[in-house]
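Some notes on the structure that comes next.
Derivation of every value follows stated rules applied to the coordinates shown; laboratory data play no part. Keep in mind that what you see is a predicted model, and the values were worked out from it rather than measured. Backbone-built Cβ (ideal geometry, glycine too); neighbour counts: all protein chains shown.
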Amino acid sequence: MPVPVFDLDGTLLDTDEALRTAFVALGVPAETVTFGHVLADECARLGISVDDYVDVYDTGLAQPFAGVGDLVAWLDRWAVCSNKHPRSGRAELDRLGWHPDVALFSDAFAGAKELAPVLAALDVDPSDALFVGDTDHDRAAAAAVGCPFVLTAWNPRTTPQPTDVVARHPLEVVDLLVSPGASGGGAAAGR
């Protein structure tokens, strides 16, 4: 069975309110906040420091998407690969009682997230993993190492591409993990 690796914001956690609230607290107009970016890039675009942002970010506002708690409870071995700042990412995992085998955050990457260090820490080949995410850069991270990718359509902001495997509910990821070949070739779960 493949080892699932998850993005955090927009994949396991609905963090839009938490992200927006932190930026607004720093004087950024709510309508200028966009989602799905590397935090350092978005902070630079909006003219604020990452440290100031992390200081006002409320980890209690980030909530699991419906069904994610059941998915995480089902998992035996799993990982997180996220552009999130490590302080808030680890605080959210701790608050929720989630204990992935590996959790790497923005401090582990030179820029956007990379799956290679996560897979190395898991001692798993890309073909024996499944990356689950919600953005173009998640899709690109999977493609860069040849790892199968699943788009989280339970996040309404996702935009499926023709070759994406699409999961409309978190428990559809379980089906992809236990069904050999279900994650390959653009097949879509739940269609």
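Explain nothing, just the number: relative contact order of the stretch 16-59, from Cα pairs under 8 Å at least 6 residues apart, as a whole percent.
Dividing the mean separation by the residue count of the stretch 16-59 yields 51 percent.
Have a look at the stretch 32-89 and give its Rg and Dmax from the Cα atoms, expressed in angstrom.
14.1, 41
Magnitude of the Cβ-charge dipole of the stretch 134-175, K/R +1 and D/E -1, about the Cα centre, nearest 20 debye?
Working: 3 positive and 6 negative charges, 14 e Å.
Dipole size: approximately 60 debye.
What is the sum of charges around residue 124, taking Lys and Arg as +1, Asp and Glu as -1, for the other residues whose C-beta is under 14 Å from the C-beta of residue 124?
On the way: positive: 77; negative: 76, 101, 123, 125, 128.
Value of the local net charge: -4.
In whole Å, how far is the Cα centre of the stretch 1-78 from that of the stretch 81-112?
So the separation of the two Cα centres works out to 10 Å.
Within the stretch 38-107, which chymotrypsin sites (Phe, Trp or Tyr not before Pro) sit in a loop by DSSP and count at most 10 neighbouring Cβ atoms inside 10 Å? It would help to have the intermediate numbers written out before the result.
Numbers: sites: 53, 57, 65, 74, 78, 98, 105; in loops: 57, 65, 78, 98, 105.
Sites meeting the loop and neighbour criteria: none at all.
How large is Rg/Rh for the stretch 16-59, to two decimals, with Cα atoms and a Kirkwood Rh?
Working: Rg = 9.0 Å, Rh = 10.1 Å.
In the stretch 16-59, Rg relative to Rh is 0.89.
Work out the length of the dipole vector of the chain about its Cα centre, built from +1 on the beta-carbon of each Lys and Arg and -1 on the beta-carbon of each Asp and Glu, and round it to the nearest 20 debye. Could the numbers behind the result be given before it?
On the way: 12 positive and 28 negative charges, 52 e Å.
Once rounded to the nearest 20, the dipole reads 240 debye.
Need one number: % antiparallel among DSSP beta bridges in the chain, to the nearest 5.
Around 10 percent of the beta bridges assigned by DSSP in the chain are antiparallel ones.
What label, among (1) -0.61, -1.31; (2) -0.45, -1.22; (3) -0.45, -1.36, belongs to log10 I(q)/I(0) by the Debye sum over Cα atoms at q = 0.11, 0.18 Å⁻¹ computed from the structure on display?
The listed entry that was calculated here is (2).
Which of 39, 171 comes first, and how do the rest follow, when ranked by fewest Cβ neighbours within 10 Å? Each step should come with its number before you reach the end.
Values: 39 20, 171 16.
So the ranking, lowest neighbour count to highest, is 171, 39.
Ranking 81, 43 by Cβ neighbours within 10 Å, fewest first, what do you get? Kindly include the intermediate steps, with their values, before the conclusion.
Numbers: 81 31, 43 22.
If I rank by nearby Cβ atoms, fewest first, I get 43, 81.
Can you check what the net charge comes to around residue 159, using other residues whose Cβ is under 11 Å from the Cβ of residue 159 (Lys, Arg +1; Asp, Glu -1)? Write down the numbers at each step before the final one.
Working: positive: 139, 157; negative: 134, 136, 164.
Once all neighbours under 11 Å are counted, the net charge is -1.
Using Cα springs under 10 Å in a Gaussian network model of the chain, which residue among 108, 73, 25 shows the largest mean-square fluctuation?
73
Run the Debye formula on the Cα coordinates of the stretch 121-165, all scatterers equal and no solvent, and tell me log10 I(q)/I(0) at q = 0.33 1/Å.
Taken in order of the listed q values, log10 I(q)/I(0) reads -1.25.
Order of 127, 88 from fewest to most other C-beta atoms within 10 Å? Mind dumping the intermediate values first?
On the way: 127 12, 88 24.
Fewest to most other Cβ atoms nearby, the residues stand as 127, 88.
For the stretch 16-59, with only Lys/Arg (+1) and Asp/Glu (-1) charged at the beta-carbon, what is the dipole magnitude about the Cα centre, in debye rounded to 20? Mind dumping the intermediate values first?
Numbers: 2 positive and 9 negative charges, 25 e Å.
The calculated dipole for the stretch 16-59 is roughly 120 debye.
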